[in-house]
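Okay, so here's the structure we're looking at.
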Amino acid sequence: MPLLPMLTREQVDPEVRSLWDECERTYPAFRHLWATQAQSPTVFRHVWGQLLELKRRSPVEARHFEIGIVVASALNRCRYCVSHHAPLAEATGLTAAQVAELSRLTLEPLPEDHEFRARPGFASDDSLVIDLAYFLVWSVIYPHAAPVHPRIVHVLRRRLMARLRERFSERQLEELTWRIVQCVAFNWHNDFFELDVEPEVTPRDVTAAEAHA
């Protein structure tokens, strides 16, 4: 059972009920998440209002948002987010095998000469989004556990950014990066409050290592 109760429509602040209704229409499968975050009208208004606005207006392809979210969530072992976004990634055209591969990613060493070459089995743009999501999580977690010299992180960040600039606009890079790091916040939020996957959503394993634990 989640550590924070979910609200009903009648319990939320009246000023956010129109947003609640839009979430019910657009994101019904995520009800446990937004009904929990509705405990704070401020968080609910700004987080879910932003998500709906990005969905309506962002120049980033839905496919790339979903790739980034699945990768970050898998690396953070957030079963809630992987279970929800894996099928959404498949709906954008990724194969089940591609999504399964993303869901099995784990943090590994990145040498200073790492070139961020296209990953086998993925289109070049998709591969860059995988690398972006991977690096965003890796650069915060892995160097402190390994450790990795800050110079290496700096060199890799600049190299990846140069690759990304070749394929994406600055607005796309901002919105894609923000959505991925926002997803990391969701991962931590969901883990701390022990959110259950909704009954209509099929749970998915997040890594091969966890599946055998």
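Below, the figures for the structure above:
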| item | result |
| --- | --- |
| Tyr27/Val155 FRET efficiency (R0 45 Å; Cβ-Cβ; nearest 0.05) | 0.70 |
| Sites matching GluC sites (Glu not before Pro) across the stretch 89-165 that sit in DSSP coil, with at most 15 neighbouring C-beta atoms within 10 Å | Glu112, Glu115 |
| Percent RCO, i.e. relative contact order, over the stretch 1-129, from Cα pairs under 8 Å lying at least 6 residues apart | 19 |
| Heavy-atom accessible surface of the chain: percent carbon and sulfur, 1.4 Å | 55 |
| Per residue, in Å², the accessible surface of the stretch 71-123 once ligands and nucleic acids are set aside, probe 1.4 Å | 46 |
| Per residue value of the accessible surface for the stretch 1-51 (all protein chains in place, 1.4 Å probe), Å² | 53 |
| The chain, helix-only ellipticity at 222 nm - DSSP H runs n ≥ 4, -39,500 (n - 2.57), divided by all residues, nearest 500 | -18500 deg cm²/dmol |
| Backbone HN-Hα couplings from phi across the stretch 184-201 [Karplus 6.51/-1.76/1.60, Hz, Gly and Pro as x] | 4, 4, 4, 4, 5, 4, 5, 5, 5, 8, 6, 5, 7, 6, 4, x, 7, 9 |
| Distant alpha-carbon pairs in the chain (separation over 32 angstrom), percent | 19 |
| Phi-based couplings in Hz for the stretch 83-95 (Karplus 6.51, -1.76, 1.60; Gly and Pro marked x) | 4, 7, 8, 4, x, 5, 5, 5, 5, 8, x, 6, 7 |
| Length released on extending from His114 to Arg45, taking residue separation times 0.36 nm less the Cα-Cα span | 20.8 nm |
| Calculated from backbone phi, Karplus (6.51, -1.76, 1.60) coupling profile of the stretch 126-135 in Hz, x at Gly/Pro | 4, 4, 5, 5, 4, 5, 4, 5, 4, 5 |
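The values are calculated or read from the model by the stated rules, or taken from the named source; none is laboratory data. Treat the numbers as computed from the prediction; the structure is a model and nothing was measured. Cβ: placed from backbone, ideal geometry, glycine included. Neighbour counts: every protein chain shown. Side chains included, ligands, DNA and RNA excluded: accessible areas come from the protein's heavy atoms. Shrake-Rupley method; radii C 1.70, N 1.55, O 1.52, S 1.80 Å.
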